[in-house]
Amino acid sequence: MTTTIKRTPEQVRDDRNARRRAKRLADRRYRMARHAAFDLVSWGPWTDDIPDATPAKVARHATGLYSSYLKGDDITTAEGETALRYVLQVKGLPATHLD
């Protein structure tokens, strides 16, 4: 038999606020990575009509742009790849070089 643990309204509120903070943080990090990806695709070097931007370069550029906001929690290459794929899709460019 299982017992249900009653949660106080404060615990419910604190959990809900923690989820909201985590979502805002993830959204903010994604915007940072997307900004860096737009910079690299728009202004970075190109080879054979394909931008030379890679997920690692996007992560490094985003970390450089926003290092004071990130406070040591750098943008990852996975976040960089997601942002780069989005930017390439928006600009109508192929993302085949990322696979």
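Roughly how big is the chain's charge dipole about its Cα centre, with Cβ charges of +1 (Lys, Arg) and -1 (Asp, Glu), in debye to the nearest 20?
860 debye
Counting other Cβ atoms within 10 Å, keep those with at most 15, restrict to DSSP loop, and tell me which trypsin sites (Lys or Arg not before Pro) in segment 1-65 are left.
Sites meeting the loop and neighbour criteria: 6, 7.
Write down the accessible area per residue of segment 1-83 in Å², having rolled a 1.4 Å probe over the full set of protein chains. All intermediate terms of the calculation are to be shown ahead of the outcome.
Working: 6100 Å² over 83 residues.
Ligands and nucleic acids excluded, the result is 73 Å² per residue.
Report D for segment 1-85 in µm² per second (integer): Stokes-Einstein, Kirkwood Rh on Cα pairs, 37 °C, 0.692 mPa s. Could the numbers behind the result be given before it?
Details: Rh = 14.8 Å.
Answer from the Stokes-Einstein relation: 221 µm²/s.
Fully extended, how many nm does the chain gain between residue 26 and residue 91 (0.36 nm per residue separation, minus their Cα-Cα distance)?
On the way: separation 65, 0.36 × 65 = 23.40 nm, distance 2.32 nm.
Extra length available between residue 26 and residue 91 comes to 21.1 nm.
Can you give me the % of accessible surface on the chain that is carbon or sulfur? Probe 1.4 Å, all protein chains present, nothing else counted. Kindly include the intermediate steps, with their values, before the conclusion.
Working: 3850 of 7130 Å².
Carbon with sulfur: 54 percent of the solvent-accessible area.
Once every DSSP H run of n ≥ 4 in the chain is given -39500 (n - 2.57) and the sum is divided by its residues, what mean residue ellipticity at 222 nm do you get, rounded to the nearest 500 deg cm²/dmol?
-23000 deg cm²/dmol
Expressed in nm to one decimal, what extension gain is obtained for the pair residue 43 and residue 5 from 0.36 nm per residue of sequence separation less their Cα-Cα distance?
Value of the extension gain: 8.1 nm.
Taking only Cα atoms, what is the 0 to 90° angle, nearest 10, from helix 9-43's long axis to the longest principal axis of the chain?
The angle comes out near 0 degrees.
The values are calculated or read from the model by the stated rules, or taken from the named source; none is laboratory data. If you're wondering where the values come from, they're calculated on a predicted model, not measured in any experiment. Note: ideal-geometry Cβ built from the backbone for every residue, glycine included; neighbour counts use all protein chains shown. In case anyone asks, the SASA skips ligands and DNA or RNA and just uses the protein heavy atoms, side chains included. Shrake-Rupley method; radii C 1.70, N 1.55, O 1.52, S 1.80 Å.
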